[in-house]
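Here is the structure we will look at, set down as structure tokens.
Bear in mind these aren't lab numbers, they're just calculated from the coordinates by the rules spelled out. Nothing here was measured: the structure is a model prediction, and the numbers come from that model. Note that each Cβ is placed from the backbone with ideal geometry, even for glycine, and that neighbours are counted across all protein chains shown.
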Amino acid sequence: MKHIPRKRFGQNFLKDNYVINQIIECINPQADQTIVEIGPGLAALTKPLIERLGHINVVELDRDIIDFLKKNFNSQQITIHEGDALKFDFAMNGQKIRVVGNLPYNISTPIMFYLSNFSNIQDMTFMLQKEVVERICASPNNKDYGKLSIMLQYKYKCRHLLDVAPESFYPAPKVNSAIVSLTPRSDYDWQIVNEQKLNHVVSQAFNQRRKTINNSLKNLLSTEQIQSCGIDPTVRAENITLENFIKLSQLID
């Protein structure tokens, strides 16, 4: 079957076997693990994962791809969850799962934030636009560092694993891609962080990122409160560490 990639689903299919093998090594699937793949496409990753695991769960919206998967794999090898990944219940009755996927660029960020609500996910390995991976993994004092960095890094250890060139895909996207790994942090109890308050502070701080933190947060916090966190009120948002943003969020009523 010749599948025509659909623009509305943001479909770009992996075709480079060397890259596919590298990604499988990044995922490092183990026989006793339950892996859920989002957007399996034409099974470039699905097939080698099944070879390692024996069985895989996939979440897919495109009817043609669902038909393709049903024709190429049996029910012992694959469980197909038909529908939108942003509506799928990844809790899976509390079962520990790992999530992988070549995510459509247009919905990659919403999917990651949606998945962050599920405590049974052991880790996530995704192919994303390289620019997005750089923003996710960025450190302070870097132009890529911003809201996305902080709102994922407070909960996850984020690692940029591998770059993937456009010619590894069909059709070739106009951007470079990269593999990122997100593993829930165990070095501190991130559940004590109030996500809404952190999101509010970070959104305000980066809304006009050229402003000093004193100016951008003036409706939320006083200069004295900012200084009480050990922060120079004349610095900009991109100069403030995740730990200090958490401290600022704890001062909000």
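Distance between the modelled labels on GLU243 and GLN76, one decimal in nanometres: 5.3 nm (7 Å Cα→Cβ projection).
Here the simple spin-label model places points 7 Å from the Cα toward Cβ, and for LYS218 and ARG52 these points are separated by 5.3 nm.
Most simply put, the chain has about 50% antiparallel DSSP beta bridges, counting only bridges with both residues inside it. For the range 73-134, the spread of Cα coordinates along the three principal axes comes to 37, 28, 19 Å, biggest extent given first. Computed extension length for GLN191-ASP64: 41.7 nm, one decimal, from 0.36 nm per residue of separation with the Cα-Cα distance subtracted. Going from the residue with the fewest nearby Cβ atoms within 10 Å to the one with the most, ASP189, ASP67, ASP144 rank ASP189, ASP67, ASP144.
Between the range 49-126 and the range 181-197, the alpha-carbon centres lie 23 Å apart. Computed from label points 7 Å out along Cα-Cβ, the spacing between ASP84 and HIS160 is 3.2 nm. As a calculated quantity, the FRET efficiency between ASN142 and TYR18 at R0 = 25 Å, using C-beta atoms, amounts to about 0.25. By the count of neighbouring beta-carbon atoms within 10 Å, fewest first, ARG236, ARG185 end up ordered ARG185, ARG236. Listed from fewest to most Cβ neighbours within 10 Å, the set LEU152, LEU86, LEU248 follows the order LEU86, LEU152, LEU248. Close amide H partners of LEU103, meaning residues 5 or more places away or on another chain with modelled amide H under 5 Å apart, are MET127. In plain terms, the chain from SER228 to ALA31 could stretch by 65.9 nm, reckoned as 0.36 nm per residue minus the Cα-Cα distance. The shape of the range 197-248 comes out rounded: with a ≥ b ≥ c from the C-alpha gyration tensor, a/c is under 1.5. The HN-Hα couplings worked out from phi for the range 226-237 by the Karplus form 6.51 cos²θ - 1.76 cosθ + 1.60 (θ = phi - 60°) are 4, 5, 5, 8, x, 10, 6, x, 8, 7, 9, 3 Hz, whole numbers, x standing for Gly and Pro. Distances between placed amide hydrogens fall under 5 Å for TYR170 paired with PHE13, LEU14, LYS15, all partners being 5 or more residues away or on another chain. Scaled against the 2.2 N^0.38 Å expected of a compact globular protein of N residues, the Cα radius of gyration of the chain reads 1.12. A Cβ-based charge dipole, computed about the Cα centre of the chain with Lys and Arg at +1 and Asp and Glu at -1, lands at about 580 debye. Annotation: amide H-H contacts under 5 Å for LYS155 (H modelled 1.01 Å from N, sequence separation of 5 or more, or interchain): none.
Here the range 131-197 is described by how far its Cα atoms reach on the three principal axes: 44, 23, 20 Å, from widest to narrowest. When +1 charges are put on Lys and Arg Cβ atoms and -1 charges on Asp and Glu Cβ atoms, the dipole computed for the range 193-249 relative to its Cα centre reaches about 220 debye.
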